[in-house]
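Q: There's a structure below that I have some questions on.
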Amino acid sequence: MTSWARTRSFFPVTRDWIYLDHAGVAPISTRVEEALRRYADLASCDGATDYAAYEAEVARVRSRAALLIGAAPEEIAFVKNTTEGLGIVACGLDWRRGDIVLTCDLEYPSNVTPWWGLRARGVETVILPSQDGRLPIERVEGALGNPRVRLLALSSVEFGNGARNDLEMLGRLCRDRGVLFCVDAIQSLGCLCLDVERANIDFLAADGHKWLLSVEGCGIFFCARRMLEKLAPRIVGWHNVAEPTHFDRYQTELRRDAQRFEEGTRNTAGIFALGAAIDLLLELELQAVEKRVLMLTEHLAEGLRARGATLLSPRGDAASGIVSFRMGDIPPARSIERLRARHIHCVARRGGVRASPHFYIDTAEIDALLESL
């Protein structure tokens, strides 16, 4: 059984802060710090004399990322952020004039603006209205009845209030209607279980700097094998062609795996860091991490209710690692200032205070937040 108290030693941030913003930019662990140091040692002491060592780690991390989401390594590309992954889909599909993309009004801008950018190509973006902080499944099902709908783009967990979408149900609806399913997974990957096969996901993107507990600037993009030949890279460069190390021969034939979306030199340092972060999560077992995170958010939700706070986050089957709330008529920014003065880090989002604890946070820290309010 995992000793969650022991995991606190992996996070130096706990010495000075009660850190409750893993839905924003998370602190890194000593495991990630060590991986970055290992990369720096290789780069400074050996340069590129043993470039195979870098390539071996990139291949290893690709396999670990695939394992995390139930994919195959050839379906994983490294990207610099979630927006880039979503942009690959927006720019790479063979859109037809009159096509519709469905999304909703709870989404972070990175899952709206790329689709809006398709207006010039005659693609319409329909933003479905939420209800009581959630997107009702029946509303999605009704909208999918329009034969012009080409793609559904939703987050696994909504950034503002933490509403968790039922990916398996949504995936079934899309599959039954021949609609593509694109998921922004940045608010769940690393704290909640996700299986791309079971959820019939065609495309998925997630940066590493939130729940995955890695650094900014390196994430993963999943493209289902069935879609690899149907999604054109935005850029054709030296690295995403079939034989990238044949430097003396110019070519345009693309790789047949997801590396067709890695057009140039990768963020190798970021991949080293991401690998260490994923290793830690797999070591702890994601099912156990999910159980722990949901216990912490339920403890927080119960404490908030007891203090008369207004919960903006749904609970039950829609619960996630995010709890958003308001304390009466107190502006969220004022609550944030009060908490920060006590070295408790939360943020204000969508009219509420957003708290997002990860597995190494303990209930005493949740209680300290409640007492500070």
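The values are calculated or read from the model by the stated rules, or taken from the named source; none is laboratory data. Keep in mind it's a predicted model, so treat the numbers as computed, not measured. Here the Cβ positions follow ideal geometry from the backbone for every residue, glycine too, while neighbour counts run over all protein chains shown.
Q: Within the set of pairs 6+ apart or on separate chains, which have a first residue in the stretch 63-78 that is polar (S, T, N, Q), a second that is at pLDDT 95 or above, and C-beta atoms under 7 Å apart?
A: Listed by first residue and then by second, the contacts come to SER63/PRO73.
Q: Of the residues ASP195, ASP176, which is in a loop (DSSP other than H, G, I, E, B), in the same structural domain as LEU274 (by TED's automatic domain parsing) and surrounded by fewer than 24 Cβ atoms within 10 Å (Cβ to Cβ)? Let's see the steps before the verdict.
A: On the way: ASP176 fails: in a loop (DSSP other than H, G, I, E, B).
Only one candidate qualifies: ASP195.
Q: Ok, one more. Look at the stretch 302-323 and say how many of its residues are of a type in the set (S, T, N, Q) and more than 16 Å from ASN165 (Cα to Cα).
A: Within the stretch 302-323, the first condition is being of a type in the set (S, T, N, Q), and the residues that meet it are 310, 313, 320.
Then drop every residue that is not more than 16 Å from ASN165 (Cα to Cα), which leaves 310.
Counting residues in the stretch 302-323 that are of a type in the set (S, T, N, Q) and more than 16 Å from ASN165 (Cα to Cα) gives 1.
Q: Inside the stretch 1-52, can you point out the residues that are without any contact (Cβ under 8 Å) to a residue 40 or more places away in the chain and either basic (Lys, Arg) or not in a helix (DSSP H, G or I) (or both)?
A: MET1, SER3, ARG6, ARG15, ARG37, ASP46, GLY47, ALA48, THR49, ASP50, listed by residue number.
Q: Please work out which residue is surrounded by the most Cβ atoms within 10 Å (Cβ to Cβ), limiting yourself to the stretch 198-231 and to residues that are assigned to a loop (DSSP other than H, G, I, E, B) and of a type in the set (Val, Ile, Thr).
A: Of the residues in the stretch 198-231, the ones assigned to a loop (DSSP other than H, G, I, E, B) are 198-202, 208-218, 224, 231.
This time we only want the ones that are of a type in the set (Val, Ile, Thr), so: 201, 215.
On the way: ILE201: 27, VAL215: 23.
Ranking the candidates gives ILE201 first.
Q: Let me spell it out: the conditions are (1) within 20 Å of the chain's Cα centre (by Cα); (2) modelled with pLDDT of 95 or more, and ARG350 meets all of them except one. Which number is the exception?
A: All conditions pass for ARG350, except number (2).
Q: Being in contact with an Asp or Glu (Cβ under 9 Å, 6 or more places away or on another chain) and of a type outside the set (Gly, Ala, Ser) is true for just one of LEU204, LEU194, LEU212. Which residue is that? Full working, then the answer.
A: Values: LEU194 fails: in contact with an Asp or Glu (Cβ under 9 Å, 6 or more places away or on another chain); LEU212 fails: in contact with an Asp or Glu (Cβ under 9 Å, 6 or more places away or on another chain).
Testing whether each residue is in contact with an Asp or Glu (Cβ under 9 Å, 6 or more places away or on another chain) and of a type outside the set (Gly, Ala, Ser) leaves just LEU204.
Q: List the helices (runs of 4 or more DSSP H) inside the stretch 281-373, counting only whole elements, that have at least 2 residues being touching a residue at least 60 places away in the same chain (Cβ under 8 Å). It would help to see each step written out before you state the result.
A: Working: elements: 286-306, 332-341, 363-372.
It comes to 286-306, 363-372.
Q: Tell me, please, whether a residue that is among the acidic types (Asp, Glu) and under 19 Å from VAL183 (Cα atoms) can be found in the stretch 127-135.
A: We begin by selecting, within the stretch 127-135, every residue among the acidic types (Asp, Glu); these are 132.
Right, trim to under 19 Å from VAL183 (Cα atoms) and you get none.
Checked the stretch 127-135: no residue is among the acidic types (Asp, Glu) and under 19 Å from VAL183 (Cα atoms).
Q: Would it be correct to say that ALA185 is aliphatic (A, V, I, L, M) and closer than 22 Å to LYS210 by Cα? Give the derivation first.
A: Values: aliphatic (A, V, I, L, M): yes; closer than 22 Å to LYS210 by Cα: yes.
The answer is yes for ALA185.
Q: A follow-up question, please. Please determine, by comparing only the residues of the stretch 89-111 that are in contact with a strand residue (DSSP E or B) (Cβ under 6 Å, 6 or more places away or on another chain) and of a type outside the set (Asp, Glu), which one is surrounded by the fewest Cβ atoms within 10 Å (Cβ to Cβ).
A: Across the stretch 89-111, the extreme among qualifying residues is ILE100.
Q: Somewhere in the stretch 110-125, is a residue under 24 Å from ILE271 (Cβ atoms), hydroxyl-bearing (Ser, Thr, Tyr) and part of a helix (DSSP H, G or I)?
A: The answer is yes; a qualifying residue exists.
Q: Do we find a residue being among the aliphatic types (A, V, I, L, M), in contact with a Gly (Cβ under 6 Å, 6 or more places away or on another chain) and more than 26 Å from LEU20 (Cα to Cα) anywhere in the stretch 256-263?
A: No, that holds for no residue.
Q: So, one more: Does VAL89 satisfy being of a type in the set (A, V, I, L, M, F, W, C), closer than 23 Å to GLY178 by Cβ, more than 21 Å from the chain's Cα centre (by Cα) and outside any strand (DSSP E or B)?
A: Working: of a type in the set (A, V, I, L, M, F, W, C): yes; closer than 23 Å to GLY178 by Cβ: yes; more than 21 Å from the chain's Cα centre (by Cα): no; outside any strand (DSSP E or B): yes.
Criteria not met by VAL89.
Conditions tested, residue by residue: (1) assigned by TED's automatic domain parsing to the domain that holds SER63; (2) surrounded by fewer than 21 Cβ atoms within 10 Å (Cβ to Cβ).
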| position | (1), (2) |
| --- | --- |
| ASP257 | yes, yes |
| ARG260 | yes, no |
| GLY264 | yes, yes |
| PHE272 | yes, no |
| ILE278 | yes, no |
| VAL293 | no, no |
| GLU298 | no, yes |
| GLU302 | no, yes |
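Q: Anything in the stretch 235-252 that is surrounded by 14 or more Cβ atoms within 10 Å (Cβ to Cβ) and closer than 17 Å to GLY87 by Cβ? List them, or say none. First the steps, then the outcome.
A: At the first step, the residues of the stretch 235-252 found to be surrounded by 14 or more Cβ atoms within 10 Å (Cβ to Cβ) are 236, 238-241, 244.
Listed by number, the residues that qualify are VAL236, ASN240.
Q: Specify which of the listed residues (GLU141, GLU124) is in contact with a strand residue (DSSP E or B) (Cβ under 9 Å, 6 or more places away or on another chain), assigned by TED's automatic domain parsing to the domain that holds CYS223 and charged (D, E, K, R).
A: Numbers: GLU141 fails: in contact with a strand residue (DSSP E or B) (Cβ under 9 Å, 6 or more places away or on another chain).
On inspection, the qualifying residue turns out to be GLU124.
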